[in-house]
Amino acid sequence: MIPGLADPPIQSSRGFRVLMQAMARPGTIQRLNLTQPPALGPAAGSVLLLLADPTTPLHLAGDLPGLAPWLQFHAGSPLTGPEGASIAVGRWPDLPLDLLPVGLPDYPDRSAMVIVELDRLDAEGPRLTGPGIRGHASLSLPAIAPFRANRALFPMGLDFVFTCGDRLACLPRSTRVEAA
C-alpha cells in the first residue's frame, strides 16, 4: 500500500493551511506535496487525505486505478455516485458536474467540492474577480461556461480545487469568470 501521511498531525495542519489560503485567494497557485496516491498527482492526493474521512462520501470519476483501495485504507471514505458526493475527483472530461449536489437554498453548504486533475495549471487564461481577489487573477481553466453557470447559482454551487502535480489553485462558487 502506498503510504499516506508520514506525520499526520503536522502535515494535516500545514496542508490544511495551504488549502485554505488557496481557497481564500482564488486563482493563486500553491504547492502541496504530502503524499503520492495512485492515479493522481501529489496535490490531489494531499487534498483528498486532508478532507476525506469515514463520513465524507466520495465520487471517483473516470478510470483512477488503485485509488479506491488507497482511499479506503487511509481515509475510510464511502464511495458513492455523483448525486450523493461531498467530494468528487477526476479529470475534467470525466466529471459529471450536472449530477453533483449544488446545495439547497436553505443549506447551500450541502454541495460538493470538486477536485479536478489537470495536465496544466498556470496563472494565465480567463479573468477571475470576486471575494479574495485584489483586482483580478487569471487561471488556466478547462472551460469558461460551466464556471459562469456555477456562479449564477450562488450562494449554492460547486467549489473547485484544480491540481497538477504538486500544484493547486481553488475556484470557489463566489468567483466570477470572464473570457481573457
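The values are calculated or read from the model by the stated rules, or taken from the named source; none is laboratory data. The structure presented is a predicted model; accordingly, all values stated were derived computationally and were not measured. Backbone-built Cβ (ideal geometry, glycine too); neighbour counts: all protein chains shown. The accessibility values were calculated without ligands, DNA or RNA, using every heavy atom of the protein model including side chains. Shrake-Rupley method; radii C 1.70, N 1.55, O 1.52, S 1.80 Å.
Things to note:
- Charge sum, other residues only, whose C-beta stays under 11 Å from residue 152's C-beta, Lys/Arg counted +1 and Asp/Glu -1: +4
- Per-residue 3J(HN,Hα) values for segment 163-174, derived from phi via the Karplus relation 6.51 cos²θ - 1.76 cosθ + 1.60 with θ = phi - 60°, read 10, 7, x, 9, 10, 8, 8, 10, 9, x, 4, 7 Hz in sequence order (x marks Gly and Pro).
- DSSP-defined beta bridges in segment 8-178 - what % are antiparallel, rounded to 5: 50
- Taking the chain and dividing mean pair separation by its residue count, relative contact order in percent (alpha carbons under 8 Å, at least six apart): 24
- Each Lys or Arg adds one and each Asp or Glu subtracts one; over the other residues with Cβ under 15 Å from the Cβ of residue 63, this totals -1.
- Surface composition of segment 8-178: carbon plus sulfur atoms contribute 54% of the solvent-accessible area (1.4 Å probe, protein chains only, all chains present).
- Long-range amide H partners of residue 173 with built H, under 5 Å: 160
- Zone of residue 129's modelled label, taken as backbone nitrogen in segment 155-180 under 12 Å from a point 7 Å along Cα→Cβ: 176-179
- Computed over segment 8-178, the Cα gyration tensor eigenvalues convert (square root of 5λ each) into semi-axes of 23, 19, 15 Å, ordered from largest to smallest.
- Distant-in-sequence amide H partners of residue 88 (H built 1.01 Å from N, under 5 Å): 59, 113, 114, 115
- Remark: segment 8-178 carries a charge dipole of roughly 600 debye about the Cα centre, counting +1 on each Lys and Arg Cβ and -1 on each Asp and Glu Cβ.
- Note, ³J(HN,Hα) from phi for segment 29-45, Karplus 6.51, -1.76, 1.60, rounded to Hz, x at Gly and Pro: 9, 10, 10, 8, 9, 9, 7, 10, x, x, 6, 9, x, x, 5, 4, x
- Per residue, segment 8-178 exposes 45 Å² of accessible surface when a 1.4 Å probe is rolled over the protein heavy atoms with every protein chain present.
- Nonlocal amide H pairs with residue 156, under 5 Å, H built at 1.01 Å: none
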